[in-house]
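Contents: one structure, followed by commentary.
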């Protein structure tokens, strides 16, 4: 939705501090603030869908809806707002951009496609082979995935306890995750996310010596 119908030159100036609402210098106003916040002048708070932000104190006055899954500070946004975004406020765990993770099974597009609804939160991977063998004792091999090669269409979330979830980036409503999962077993259809994971694979390891 445009702020201004383009009929004549128009300038919108906005100065902001580190945490405050900022000052607008223009003939119109914009209620949308930093990182998806919407300012409500009646209550003088910024609404972030599931909680409220107080611009004068520079902090949230509502707890993180996912509680301690988002970190020990339940009134925080994300640990690095220059690089991370959590539009819905429901993202749990840290975002990983490098390192190796392990996916049980073979080097196939079908294995790199989530099984829904089990994998609704992301394609399951592990930080090391010991954790993988403990969680999936019947697995006999694993694919080694280099997270730095995932590209910008996928994001890796550290769920804790050695578990990592791979999911579509910026998939706020889960639509892309469902589209991806619907490709399970359909080898004849294009599967770009699974193909990207396959390109990120650097090795295969056996979990048990024969």
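A few notes on this one:
- Strands (runs of 3 or more DSSP E) wholly inside the stretch 103-186 that include at least 2 residues being surrounded by 17 or more Cβ atoms within 10 Å (Cβ to Cβ) and under 17 Å from the mean Cα position of the chain (by Cα): 123-126, 154-160, 163-168
- If you go through the stretch 187-203 and keep only what is surrounded by 13 or more Cβ atoms within 10 Å (Cβ to Cβ) and touching a strand residue (DSSP E or B) at 6+ places or on another chain (Cβ under 7 Å), you end up with 193, 196, 197, 200, 201.
- Odd one out for residue 113 among (1) in contact with a helix residue (DSSP H, G or I) (Cβ under 7 Å, 6 or more places away or on another chain); (2) modelled with pLDDT of 95 or more; (3) closer than 21 Å to residue 94 by Cβ: (3)
- Only a single criterion out of (1) touching a helix residue (DSSP H, G or I) at 6+ places or on another chain (Cβ under 7 Å); (2) modelled with pLDDT of 80 or more; (3) under 18 Å from residue 163 (Cα atoms); (4) assigned to a loop (DSSP other than H, G, I, E, B) is not satisfied by residue 92, namely (2).
- Hits in the stretch 48-74 - residues which are at pLDDT 75 or above and in a helix (DSSP H, G or I): none
The values are calculated or read from the model by the stated rules, or taken from the named source; none is laboratory data. Just so we're clear, the structure is a prediction, and the values are computed from it rather than from any experiment. Note that each Cβ is placed from the backbone with ideal geometry, even for glycine, and that neighbours are counted across all protein chains shown.
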